[in-house]
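The values are calculated or read from the model by the stated rules, or taken from the named source; none is laboratory data. Bear in mind the structure is a predicted one, so any value in this text is a computation, not a measurement. Reconstructed Cβ throughout: ideal geometry from the backbone, glycine too, with neighbour counts over all protein chains shown.
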Amino acid sequence: MEKNMVKEFIEIFGGEGEIVEFFAPGRVNLIGEHIDYSGGFVFPCALDFGTYAAVRAREDSQVNFVTLNYDKRVSIDLSDVVYREWDNWTNYPKGVIKEFQNKGYEIKGFDVVYYGNIPNGSGLSSSASLEVLTAVFLNELFDCKIDMVDLVKMSQSAENNFVGVNCGIMDQFAVAMGKKDNAILLDCNTLDYTYVPLVLEGVKIVIGNTKKRRGLADSKYNERREECEGALADLQTKLDISNLCEMDGPTFESHRHLIVKKIARDRVEHAVFENVRTKNAKAALEAGDIEVFGALMNQSHDSLKNLYGVTGVELDTMVEEARKIKGTIGARMTGAGFGGCIVALVKEEAVDKFIEEVGKNYQSKTGLKPEFYVANVGQGAGRIQ
């Protein structure tokens, strides 16, 4: 479909004027989960599938949105960019338009056709992909000259303030700043980042979608944040720290008694050691040691299960089945938890067996039919030349 975007555009809107194509990927976080809000590092990479757009500027103030994924078209005027539930998916690009307007950039109307091949509800950031894609083409179409990191911030703000989802910045950052054959070690506090080569010779990234809807994720996310904030306040009675991940392992062990609630101690233990694991994962990749990287992924999942309590039966079952396959280097949940996806590194020759065996055993244990996606590390958002 992505190869025929211009053809589809012309059939819908006609062929006069320059039609430009853009792409923004999905993303997966390889390690560093549930620590972005505790001052930790995340370690995502862009994927080689995502969202495409064919777009053409207009001379008036009308915007016409079409997607090839659904039979729903929405038209708005730039004088009336407001959130409407009925407008469904177009609220994400509308939020980005509003950001441009709020910052005083002069944009005109446009016609756009979108197409995405990120599986719905998979937790691979289809919303961030759509937002960043829109920001990138608006920036170029109307010559706004905005730096890519600022486009990232505007895309996050659109989701926070227009759509009303309190997401962190990792998704938009990985989508915009992804680099082929590299992961990104990102400090979510400062936005300092380092590209780390992720050259997977003979190894594939396999993403397993549990097909379990993540109904608990939002409420438990808020609960975990509160537990971490309470523990931080306890620790600050003796430690001069502004977030949990400023502590290394020994500092945590010698001060854990300050944390009043036992459950909060577990949450902090996960945060501190997950941050250590994420730094160690970078070192493992730089040393070309994919086996160590896989072992760190396994430890990450076990910590998210036993200390942070955000996995659930479906994720645990899929990870358990994944680890039984000879050729699985590492497997863990990725994203908010309570459903969504696992990410596994699997030797190429074992991928077919992995998908067949894990799929069959997972379905027989949970009653849910999973989906699997074999992904490569892709490039960040930009114009398709």
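Points to keep in mind about this one:
- Search result, residues across segment 157-188 that are under 13 Å from the mean Cα position of the chain (by Cα) and either among the aliphatic types (A, V, I, L, M) or surrounded by fewer than 21 Cβ atoms within 10 Å (Cβ to Cβ) (or both): Cys167, Gly168, Ile169, Met170, Ala174, Val175, Ala176, Met177, Ala183, Ile184, Leu186
- Residue within segment 135-151 that is part of a loop (DSSP other than H, G, I, E, B) and in contact with a strand residue (DSSP E or B) (Cβ under 8 Å, 6 or more places away or on another chain) present: yes
- Val96 falls short of the stated requirement of being part of a loop (DSSP other than H, G, I, E, B) and either surrounded by 22 or more Cβ atoms within 10 Å (Cβ to Cβ) or modelled with pLDDT of 95 or more (or both).
- Test: residue in segment 33-47 that is more than 30 Å from Cys228 (Cα to Cα) and either in a strand (DSSP E or B) or without any contact (Cβ under 8 Å) to a residue 12 or more places away in the chain (or both): yes
- Any chance Gly309 is modelled with pLDDT under 95, closer than 30 Å to Ala264 by Cβ and either surrounded by 23 or more Cβ atoms within 10 Å (Cβ to Cβ) or in contact with a Lys or Arg (Cβ under 9 Å, 6 or more places away or on another chain) (or both): no
- Taking segment 236-259 as the range and being under 24 Å from Lys305 (Cβ atoms) and in contact (Cβ under 8 Å) with a residue 12 or more places away in the chain as the test, the residues that pass are Asn243, Leu244, Cys245, Met247, Asp248, Gly249, Phe252, Arg256, Ile259.
- Sole residue being at pLDDT below 95, within 17 Å of the chain's Cα centre (by Cα) and closer than 29 Å to Thr334 by Cα, chosen from Ser122, Ser129: Ser122
- The residues on offer are Ile290, Ile355, Ile329, and the sole one that is surrounded by fewer than 23 Cβ atoms within 10 Å (Cβ to Cβ), touching a residue at least 40 places away in the same chain (Cβ under 8 Å) and farther than 29 Å from Tyr195 by Cβ is Ile355.
- Any hit, segment 76-87, residues being at pLDDT 95 or above, surrounded by fewer than 23 Cβ atoms within 10 Å (Cβ to Cβ), among the hydroxyl-bearing types (Ser, Thr, Tyr) and part of a strand (DSSP E or B): no
- Some residue of segment 120-127 being crowded, with 17+ Cβ neighbours inside 10 Å and in a helix (DSSP H, G or I): yes
- Being closer than 18 Å to Glu131 by Cα, among the charged types (D, E, K, R) and in contact (Cβ under 8 Å) with a residue 12 or more places away in the chain is a description that applies to Arg56.
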